[in-house]
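A short worksheet on the structure shown next.
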Amino acid sequence: MAGFKVRRRLGAHELEVHDAELAKRAASALLAADERIRVTSDELGFAEAELGSASTAMAAAALVSARRSLGDAFRLNRLNHDAIPGTADEVRARNVRILQLCERAEHALDEQASALADRVARARQAPEIIAGVRADAAHLRTRIPDARETIERLAARYAREALTHVEAHPTEAEQLLGFAEHSVGVAERRREAGRREQAHLALEASTQAVRRAATLLDAVETFEVEALRAEATLAAIVEASRRDLAVALEEPRSRGVANAIAELQAALASLPAVGVNTDPFAHLRRLREAHAVLDAATAAARERATHPVPSMTQVRRAIEAADRQLDMARDVVVGRPGWIGAEALTRLAESERIRVDLSHSLGISAATVKVTGRDDREQMIAMALRVASLASEALHLARRDNDARRWQGRDRSRARRVSLA
């Protein structure tokens, strides 16, 4: 008993130390969050002066949310320092909540701080950014004639459909560069007029336009390389398709294989003659799809060849065997009413339910089965095997219950004879 009291005192002391440490952490978190909000408020004021209120709206909303969380935290802290703060558990819960609210406040500010700092830095570096945009636009303009020559070279080799996604890229890039140069001029004039927010928006638009123009011109150069790769791959796929097609024509055909062969032959026949402009991407895509369908069909045919379709005789025998097993189980259960336990009865009921499902789709008698599909035959055999398995389990459990009851009767008779003697 004395040892128990010592352990309780030690536990209470450790809890007091924990609560004191928790209170210190809550107080420190309050001070840190309050200081963070004050600093962020000052930074937001400077940022609004440089960027305008529209560019700092999200940061302002985050500051409002942080102040709301900090206000809730201070309210809980006042409750902890009232004359009657409540129980130790209540004070502890408030301190934990104070830490959570302070963390939420700082997290709300962290989400916007880096983005705001980046916008401010960009605004302060506006002259350098404006010069960079103009230099990038001038450099990209020198690439437009090369892009147009590339399109002309591609048009002499490939069909018009192959160039649909890139043929207008040089013109679009030129328009974007014109928009970027105009936006840079707007940004420069608005900045000189002291309209920092409008200058910032115009500068962002010009930067995005230059970036998009560079992407379009890069896509033209990339397309030429991708088209050459597609041509090389197409030649390899054509050769492989012809080899696989020759093999498939020599094998026994199913309906799926015949359809796949016809589709692959049509895809090969659609290839243009030498010297005719073509769309290598479209032909490559069609050949790949047809080749994959043929591979799947031949694999399925080989699988069927290695695993023959069950005969109708096998199906009928499986159902007849299941019915015999089910009849035996029924005889044992019905012959000993009240002796059979719930487990055996459950197995028998499940076996009968599956046999009923089998009857609905295939006929009550095995002789009436006329379904000839592979999947249907395999499903019939699987259901029949399940019926037989459950009936066998029910029969085993029923016999076990019968034996148990028989031994119980013998024990009672022996006990009765002993008591009479």
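The values are calculated or read from the model by the stated rules, or taken from the named source; none is laboratory data. None of these values were measured; they are calculated from a predicted model. Please note: Cβ atoms are built from the backbone with ideal geometry, for glycine as well, and neighbour counts cover all protein chains shown.
In the range 155-168, how many residues are closer than 18 Å to residue 228 by Cβ and part of a helix (DSSP H, G or I)?
Matching residues across the range 155-168 total 4.
Going through the range 286-323 one residue at a time, which ones are more than 34 Å from the chain's Cα centre (by Cα), among the β-branched types (Val, Ile, Thr) and in a helix (DSSP H, G or I)?
If the condition is that a residue be more than 34 Å from the chain's Cα centre (by Cα), among the β-branched types (Val, Ile, Thr) and in a helix (DSSP H, G or I), then 306, 313, 315, 319 are the ones that fit.
Restricting to the range 271-290, count the residues that are of a type in the set (Gly, Ala, Ser) and either surrounded by 13 or more Cβ atoms within 10 Å (Cβ to Cβ) or in contact with a helix residue (DSSP H, G or I) (Cβ under 6 Å, 6 or more places away or on another chain) (or both).
Of the residues in the range 271-290, 2 are of a type in the set (Gly, Ala, Ser) and either surrounded by 13 or more Cβ atoms within 10 Å (Cβ to Cβ) or in contact with a helix residue (DSSP H, G or I) (Cβ under 6 Å, 6 or more places away or on another chain) (or both).
Of 416, 405, 374, which residue is surrounded by fewer than 17 Cβ atoms within 10 Å (Cβ to Cβ), at pLDDT below 80 and not assigned by TED's automatic domain parsing to the domain that holds residue 348?
Result of the check over 416, 405, 374: 416.
Taking residue 198 as meeting all but one of (1) in contact with an Asp or Glu (Cβ under 7 Å, 6 or more places away or on another chain); (2) at pLDDT below 90, write down the number of the exception.
Against the list (1) in contact with an Asp or Glu (Cβ under 7 Å, 6 or more places away or on another chain); (2) at pLDDT below 90, residue 198 comes up short only on (1).
Restricting the first residue to the range 264-285 and requiring it to be under 20 Å from residue 155 (Cα atoms), which pairs with a second residue that is among the charged types (D, E, K, R) meet a Cβ separation below 7 Å and a spacing of at least six or different chains?
277/157; 279/161; 280/231; 282/161
Quick one: in the range 335-371, which of the residues that are surrounded by fewer than 13 Cβ atoms within 10 Å (Cβ to Cβ) and either closer than 14 Å to residue 396 by Cα or basic (Lys, Arg) (or both) is modelled with the lowest pLDDT?
Restricting to residues being surrounded by fewer than 13 Cβ atoms within 10 Å (Cβ to Cβ) and either closer than 14 Å to residue 396 by Cα or basic (Lys, Arg) (or both), the top hit is 370.
For residues that are surrounded by 14 or more Cβ atoms within 10 Å (Cβ to Cβ) and either among the acidic types (Asp, Glu) or not in a helix (DSSP H, G or I) (or both), scanning just the range 173-195, find the one that is modelled with the lowest pLDDT.
The selected residue is 195.
Collect the residues in the range 264-285 that are under 14 Å from residue 162 (Cα atoms) and not in a loop (DSSP other than H, G, I, E, B), keeping them in residue-number order.
278, 280, 281, 282, 283, 284, 285
Please go through the range 152-164 and give me each residue that is touching a Pro at 6+ places or on another chain (Cβ under 9 Å) and buried (at least 19 other Cβ atoms within 10 Å of the Cβ), ordered by number.
Listed by number, the residues that qualify are 158, 162.
If the requirement is being in contact (Cβ under 8 Å) with a residue 60 or more places away in the chain and not assigned by TED's automatic domain parsing to the domain that holds residue 281, which of these qualifies: 153, 141?
Just a single option satisfies the conditions, and that option is 153.
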